[in-house]
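J.: After the structure tokens below, expect a handful of questions from me.
The values are calculated or read from the model by the stated rules, or taken from the named source; none is laboratory data. Nothing here was measured: the structure is a model prediction, and the numbers come from that model. In this analysis, Cβ positions are derived from the backbone assuming ideal geometry, glycine residues included, and neighbour counts consider all displayed protein chains. SASA here: full protein model, heavy atoms, side chains in, ligands and nucleic acids out. Shrake-Rupley method; radii C 1.70, N 1.55, O 1.52, S 1.80 Å.
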Amino acid sequence: MSEEKLAIAGGTPVRATPLPWEFPGAHWLGTEEQQNLMRVIAGKSPFRYYGPELQHMVDHFETESCRYWQRRFAVAVNSGTAALAIALAALGVGPGDEVLLPGYMWVSCVSAVVRLGAIPKLVDIDNTFCMDPHDLERKISPQSKVILFVHMNGACGHIEQVSLIAKKHKLFLLEDCAQAAGAASNGTLAGCFGDIATFSLQLNKNFTSGEGGLILCDDEHLYRRSFAIHDLGYARNDAGRLDVTNPNYQLWGMGSRMSELTGACALAQLQKLNSIISSMHHAKWSIRQSLQHIPQLQFRNIPDPSGDSSPFLITIYPNEETCLKFTEALMAEGIQGPEGSLSCALMRNWGLHWYFNIPNLIQKTSWCADGFPWSHPANQFAQHYDYAKGTLPHCDDLAARSALLSIASCLTAQDIHDITTAFKKVARALFG
Ligand SMILES: *Cc1c(COP(=O)(O)O)cnc(C)c1O
């Protein structure tokens with residue numbers, strides 16, 4: 001049975017060609033994006049607020065986003081990182097405030113808080129790989145102002161419980177949906193549970209314009225603040241010119257407008273989002289189902305599988321050593337993307353998604369000599385806060401013994417077959 005010998009031990013690999021790149025939306029870029037882009041160029045109007053023959057791509061993208069997510073207001077911006085900072089600023093976050101966020105997220109969640117002068121307070125995750133509602137309740141303090149819930153790896157976690165906790169404690173709920181555009185929990189889309197939600201359209205996300213971001217909310221004042229902050233600090237009039245007269249919207253702008261070129265691409269991608277997701281969902285859940293019978297192989301808990309947007313398959317192993325061995329063997333079987341791809345990886349190597357991999361958080365660095373915001377008198381309450389590894393036991397444990405496989409949005413039946421074949425082959429060799 002030479003074909004049973006693992007490739008890592010000199011056997012024949014399950015497949016010889018790399019799997020496709022991750023990047024869900026990128027595989028679907030095509031003539032629709034091209035046509036929208038050509039219209040912007042032909043009109044010589046790449047700026048959204050005025051120009052010779054404005055095509056209103058960003059306006060349409062915002063309108064269609066409101067329709068897709070059923071929220072009243074949308075502001076398109078130039079990145080998910082900017083969207084987070086603008087949303088927190090619009091909520092009035094500053095020194096003396098604490099933002100509760102999970103230890104498994106993306107560095108942008110932390111940087112948005114720190115740049116505004118507020119304090120990040122880490123909350124542990126559970127086996128959904130999202131914020132643990134029980135630890136959240138333990139971590140709430142008098143300084144807490146916002147709960148930042150991050151829908152990780154395409155799925156929702158216990159967002160309903162978190163939303164109830166936010167209401168009970170009168171805290172704002174901000175949902176970071178950068179990794180979960182189009183995901184849902186029991187029929188409600190990610191981005192519709194809290195006061196305000198942010199998205200990213202960077203290359204790794206479910207829909208993409210290379211760079212881009214989005215803010216959604218229902219409250220008009222919050223929208224107007226977000227709008228002013230995303231631009232130059234003020235409202236705009238019907239002619240698209242700055243209107244500095246309203247004293248409620250004389251704020252400090254972050255220069256994060258979306259261009260019409262980005263809007264052209266974002267609009268076409270939004271119209272494909274459901275197709276992109278259903279392709280990944282089909283592939284991922286057929287793989288997961290065919291591996292269900294292997295007891296040593298556990299999966300991330302996804303409370304509502306039907307709402308999983310499915311860009312990743314997360315596997316959990318009995319211990320750190322098995323996780324490493326399994327993943328190395330799987331990659332040797334050809335279960336990895338082209339060179340430079342991160343499609344098959346150990347969780348602990350997934351960089352700035354883990355609090356303990358962010359050196360400037362652990363060291364509480366500042367970009368000015370004053371040490372702001374850690375040194376700010378209103379932030380005295382956080383002097384003893386520790387961000388080093390060991391702070392969140394479930395994060396540390398799951399990071400050590402889990403791995404992730406990107407599910408490309410263009411997998412063929414053969415690709416899916418190869419992935420399950422390789423998992424089963426490695427499982428037979430390692431678990432017997
Ligand atoms: C990608 C990502 C962001 C940042 O988005 P950019 O558009 O790259 O700035 C924020 N939060 C999470 C959870 C992300 O995955």
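J.: Give me the pairs: first residue in the stretch 108-124 and within 12 Å of the ligand (Cβ to nearest atom), second residue at pLDDT 95 or above and not in a strand (DSSP E or B), beta-carbon distance under 6 Å, and six or more apart or on different chains, which are they?
T.: Ser108/Thr81; Ser108/Leu84; Val110/Leu361; Ala112/Leu84; Ala112/Ala85; Ala112/Leu88
J.: Which of (1) closer than 20 Å to Thr63 by Cα; (2) open to solvent by less than 30 Å² (accessible area, probe 1.4 Å); (3) more than 10 Å from the ligand (Cβ to nearest atom) is the odd one out, the single condition Thr188 does not satisfy?
T.: (2)
J.: Restricting to the stretch 121-137, name every residue that is closer than 18 Å to Ile358 by Cβ and out of contact with any Ser or Thr (no Cβ under 9 Å at 6 or more places or on another chain).
T.: Listed by number, the residues that qualify are Val123, Ile125, Met131.
J.: Something else: Kindly provide the set of residues from the stretch 60-93 that are out of contact with any Asp or Glu (no Cβ under 9 Å at 6 or more places or on another chain), open to solvent by 20 Å² or more (accessible area, probe 1.4 Å) and more than 13 Å from Leu174 (Cβ to Cβ), ordered by number.
T.: Of everything in the stretch 60-93, those that are out of contact with any Asp or Glu (no Cβ under 9 Å at 6 or more places or on another chain), open to solvent by 20 Å² or more (accessible area, probe 1.4 Å) and more than 13 Å from Leu174 (Cβ to Cβ) turn out to be His60, Glu62, Thr63, Glu64, Cys66, Arg67, Tyr68, Gln70, Thr81.
Yes or no, residue by residue, for (1) part of a helix (DSSP H, G or I); (2) buried (at least 21 other Cβ atoms within 10 Å of the Cβ); (3) not polar (S, T, N, Q):
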| residue | (1), (2), (3) |
| --- | --- |
| Pro120 | no, yes, yes |
| Phe129 | no, yes, yes |
| Leu136 | yes, yes, yes |
| Leu148 | no, yes, yes |
| Gly157 | no, yes, yes |
| Lys170 | no, no, yes |
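J.: Let me ask another. Of the residues in the stretch 107-118, how many are surrounded by 24 or more Cβ atoms within 10 Å (Cβ to Cβ) and touching a helix residue (DSSP H, G or I) at 6+ places or on another chain (Cβ under 7 Å)?
T.: 3
J.: Output the residues belonging to the stretch 91-105 that are in contact with a strand residue (DSSP E or B) (Cβ under 7 Å, 6 or more places away or on another chain), touching a residue at least 60 places away in the same chain (Cβ under 8 Å) and in a loop (DSSP other than H, G, I, E, B).
T.: Leu91, Gly103, Met105, listed by residue number.
J.: Check whether at least one residue in the stretch 390-401 is crowded, with 16+ Cβ neighbours inside 10 Å, modelled with pLDDT of 95 or more, closer than 22 Å to Thr128 by Cα and over 22 Å from the mean Cα position of the chain (by Cα), and report yes or no.
T.: The answer is yes, given that some residue of the stretch 390-401 is crowded, with 16+ Cβ neighbours inside 10 Å, modelled with pLDDT of 95 or more, closer than 22 Å to Thr128 by Cα and over 22 Å from the mean Cα position of the chain (by Cα).
J.: Right, next: Taking the conditions exactly as written (in a helix (DSSP H, G or I), touching a Ser or Thr at 6+ places or on another chain (Cβ under 8 Å) and surrounded by 14 or more Cβ atoms within 10 Å (Cβ to Cβ)), does Val14 satisfy them or not?
T.: Judged against the criteria, Val14 is not a match.
J.: Determine which member of the set Ala76, Ala85 is within 16 Å of the ligand (Cβ to nearest atom), in a helix (DSSP H, G or I) and in contact with a helix residue (DSSP H, G or I) (Cβ under 8 Å, 6 or more places away or on another chain).
T.: Checking each option against the conditions leaves just Ala85.
J.: Then there is this: Of the conditions (1) open to solvent by less than 20 Å² (accessible area, probe 1.4 Å); (2) away from the ligand (no atom under 16 Å from the Cβ), Thr31 satisfies every one except a single condition; which number is it?
T.: (1)
J.: Test Thr327 against the criterion of being polar (S, T, N, Q), within 30 Å of Ala422 (Cβ to Cβ), touching a Lys or Arg at 6+ places or on another chain (Cβ under 8 Å) and not in a loop (DSSP other than H, G, I, E, B), and give yes or no.
T.: For Thr327, the condition - polar (S, T, N, Q), within 30 Å of Ala422 (Cβ to Cβ), touching a Lys or Arg at 6+ places or on another chain (Cβ under 8 Å) and not in a loop (DSSP other than H, G, I, E, B) - is not met.
J.: A further question follows. Looking at Gln161 and the list (1) buried (at least 20 other Cβ atoms within 10 Å of the Cβ); (2) under 23 Å from Val123 (Cβ atoms), which single condition is not satisfied?
T.: (1)
J.: Just name the residue that is most open to solvent (accessible area, probe 1.4 Å) out of those in the stretch 193-213 that are more than 7 Å from the ligand (Cβ to nearest atom) and part of a strand (DSSP E or B).
T.: Across the stretch 193-213, the extreme among qualifying residues is Gly210.
J.: Something else: Please enumerate the residues belonging to the stretch 335-349 that are crowded, with 18+ Cβ neighbours inside 10 Å and in a loop (DSSP other than H, G, I, E, B).
T.: Within the stretch 335-349, Ile335, Gln336, Gly337, Ser343 meet the criteria.
J.: Do you know which residues across the stretch 58-86 are of a type in the set (Gly, Ala, Ser) and more than 23 Å from Leu37 (Cβ to Cβ)?
T.: Passing the criteria: only Ala85.
J.: I would also like to ask the following. Pull out all pairs, ordered by first then second residue, where Cβ-Cβ is under 7 Å, the residues are six or more apart or on different chains, the first lies in the stretch 260-278 and is open to solvent by less than 20 Å² (accessible area, probe 1.4 Å) and β-branched (Val, Ile, Thr), and the second is part of a helix (DSSP H, G or I) and modelled with pLDDT of 95 or more.
T.: Cβ pairs passing all conditions: Ile276/Gly25; Ile276/Trp28.
J.: Still on this structure, please answer the following. Can you tell me which residues in the stretch 236-257 are open to solvent by 70 Å² or more (accessible area, probe 1.4 Å) and outside any loop (DSSP other than H, G, I, E, B)?
T.: Those that are open to solvent by 70 Å² or more (accessible area, probe 1.4 Å) and outside any loop (DSSP other than H, G, I, E, B): Leu242, Pro247, Asn248, Arg257.
J.: How many residues does the stretch 126-178 hold that are among the small types (Gly, Ala, Ser) and within 16 Å of the ligand (Cβ to nearest atom)?
T.: Going through the stretch 126-178 one residue at a time, the tally reaches 4.
J.: Can you name every residue in the stretch 88-107 that is within 16 Å of the ligand (Cβ to nearest atom) and under 18 Å from Asp135 (Cα atoms)?
T.: Val99, Leu100, Leu101, Pro102, Gly103, Tyr104, Met105
J.: Starting from residues that are assigned to a loop (DSSP other than H, G, I, E, B) and open to solvent by less than 10 Å² (accessible area, probe 1.4 Å), keep the ones in the stretch 214-235 and report whichever is farthest from the ligand (Cβ to nearest atom).
T.: Gly233
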